[in-house]
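These notes are about the structure you will find just below.
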């Protein structure tokens, strides 16, 4: 379990860095101080342009690869000893999907390091849709999955479900309070953005147009159209989610980790 724990911690550190950067850039854009509204790959491209950017890309690639391996291991060996009920099978599928997502981020980081931009999200969606009805249904299912994941994130925020995964006995009262705050904001922000992503994936499937799909950057752009204040609040929430990952590095119990993404 020590090996799995180390993989998970490397992944949480990578996720934390990604979300903090993403959120800060979006906050800056909301208040008119530069920045930008990018998704995960956009943040990696921004990191590449910074001092020591190539070193940071490698670190990110290694971290996301470690996280992907941990998720795949969860899906296969099931460290929580779940039964094979429908709900638990869905949980394993969620872990595997998370592994695929973060493996993709790892590949993107290493491709940027090697000087190759790689294939874009829309190119992958277009390829999926070229499979015919099966591909279109798959994209629609991904959209529905994003909406369901968003609802799960909101429930986590409302019920403080993420606190069950942390060893609070090792924390001070101030740390527990801080964890509750960043967890609520972080999961709440993802609960807002995921359904937007899901909506556009479903629209892309219905209209057989990969160009209509939007990732996290697109979701933030849609929020910006509604209100710069809404964008700022959600951006702060995404930054909070990043901070939450660093709490996980120190205090989270790998054996009881159960979030889907």
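The values are calculated or read from the model by the stated rules, or taken from the named source; none is laboratory data. Keep in mind that what you see is a predicted model, and the values were worked out from it rather than measured. Cβ coordinates were reconstructed from backbone atoms using ideal geometry, including for glycine residues, and neighbour counts include every protein chain displayed.
Residues in segment 1-24 that are in contact (Cβ under 8 Å) with a residue 40 or more places away in the chain and more than 16 Å from the chain's Cα centre (by Cα): 1, 4, 5, 6, 7. Is one or more of the residues making up segment 62-72 in a loop (DSSP other than H, G, I, E, B) and either modelled with pLDDT under 85 or surrounded by 18 or more Cβ atoms within 10 Å (Cβ to Cβ) (or both)? No, segment 62-72 contains no residue that is in a loop (DSSP other than H, G, I, E, B) and either modelled with pLDDT under 85 or surrounded by 18 or more Cβ atoms within 10 Å (Cβ to Cβ) (or both). Among the residues of segment 149-169, the ones that are over 11 Å from residue 190 (Cα atoms) and crowded, with 16+ Cβ neighbours inside 10 Å come to 4 in all. In a residue-by-residue description of segment 130-148, the property of being within 23 Å of residue 249 (Cα to Cα) and surrounded by fewer than 16 Cβ atoms within 10 Å (Cβ to Cβ) applies to no position. Checking 187, 208 one by one, the residue that is buried (at least 18 other Cβ atoms within 10 Å of the Cβ) and either closer than 23 Å to residue 254 by Cα or in contact with a helix residue (DSSP H, G or I) (Cβ under 7 Å, 6 or more places away or on another chain) (or both) is 187 and no other.
Within segment 124-152, residues that are at pLDDT below 85 sit with their Cβ atoms under 6 Å from residues that are outside any helix (DSSP H, G or I), at 6+ positions apart or across chains, in these pairs: 125/213. The requirement of being in a helix (DSSP H, G or I), crowded, with 22+ Cβ neighbours inside 10 Å and in contact (Cβ under 8 Å) with a residue 24 or more places away in the chain is not satisfied by residue 45. Would you be able to say whether some residue in segment 125-134 is closer than 20 Å to residue 38 by Cα and out of contact with any strand residue (DSSP E or B) (no Cβ under 6 Å at 6 or more places or on another chain)? Yes, segment 125-134 contains a residue that is closer than 20 Å to residue 38 by Cα and out of contact with any strand residue (DSSP E or B) (no Cβ under 6 Å at 6 or more places or on another chain). Of all residues in segment 245-261, those that are over 16 Å from residue 19 (Cα atoms) have Cβ atoms under 8 Å from Cβ atoms of residues that are modelled with pLDDT of 75 or more and assigned to a loop (DSSP other than H, G, I, E, B), 6 or more apart or on another chain, in 251/167; 251/171; 252/167; 253/167.
Taken over segment 73-90, the criterion of being more than 18 Å from residue 145 (Cβ to Cβ) and either at pLDDT below 60 or assigned to a helix (DSSP H, G or I) (or both) is satisfied by 73, 76, 77, 79, 80, 81, 82, 83, 84.
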